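Every number here is computed from the coordinates shown, using simple stated rules; none is lab data. If you're wondering where the values come from, they're calculated on a predicted model, not measured in any experiment. Note that each Cβ is placed from the backbone with ideal geometry, even for glycine, and that neighbours are counted across all protein chains shown.
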Amino acid sequence: MSPFDRIVIIFNPHSTGDAPASAEELRADLARRLPDVPVQLRPTEHAGHAREIAREVAATGRPLLVSVSGDGGYNEVVDGVMQAGNTQAVCAVRAAGNANDHRRVTRERPLADAIVAGEVRRIDLLRLTVGSGATAQIRYAHSYIGVGLTPVVAVDLEKGGKGSWREIVSVVRGFARFRPFPIRLEDGRRRRIDSLVFANIAEMAKYAKLSEAGAPDDGRFEVITQRQTGKLAVLATIIRAATRGLGPQPSATHYAFTTLAPMPLQLDGELVELDADTPVAVDIAPLALATIF
């Protein structure tokens, strides 16, 4: 007997990739192999709609929500499920984006096989709190949260488009215009950072190996910090991450700072603009998400 009372496949019908065809292929496969479980396609209609659909679907029962997308689309679905507050809702992702870091790192078998097997596991999430008091906003990330160089390059990728040569041009452009960001740590110390990444998985951006021991269910996240060092040192770090990896990194369950200038922040593939003087906290949400690999 399947642990799911229904399966809802969420996808962007205007995706530049193959999301519509991939979603239909998965629907047909699951309908054939799980004839007693209703399978529904839910195309998104606007930015943020995947979050709304996920929150609605996850509110009741034992649904499996499959995001046919990249990391950014899956971020919306995970965030919507967490907002619904139903611990019986399960999430999964079928890669149809650019980097697809989460699926690439956690994949154990073809997704349709994993759904049919129905072996549900739980993983940690990163909980981001922006602001304080009654106006604080909470978002969740399945793989990483980054400030500094990571979101700056991501902004240029969005502007320049995706595809090998366009990606290279966008990365070079973002790197050329990058400037360090000032922050104030929780203990009052000030730092200028080139890059600060909180990672729930050990790899990101298709090629970069961030740490040796990071796992999505260990109750901690890795903190990869590059303080202001100059562009040559940043470039050397990027090359090392893409070739042999960055090696062991410190881990934590909580990290907080205040922005001292406007800056972009990236949750998985989603971009958020932060104002100056904004309190930011990243905490581990242990085993918060039910999923399948």
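Summary table below
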{"quantity": "Dipole axis of segment 1-135 (+1 Lys, Arg; -1 Asp, Glu on Cβ), positive-most option in Ala117, Val66, Ala92", "calculated": "Ala117"}
{"quantity": "Ordering of 101-108, 22-29 by packing [mean C-beta count within 10 Å, highest first]", "calculated": "101-108, 22-29"}
{"quantity": "Distance between modelled label sites at Glu24 and Leu271, nm, 7 Å Cα→Cβ extension", "calculated": "3.2"}
{"quantity": "Fully extended contour minus Cα-Cα distance, from Ala134 to Asp113, at 0.36 nm per residue", "calculated": "3.2 nm"}
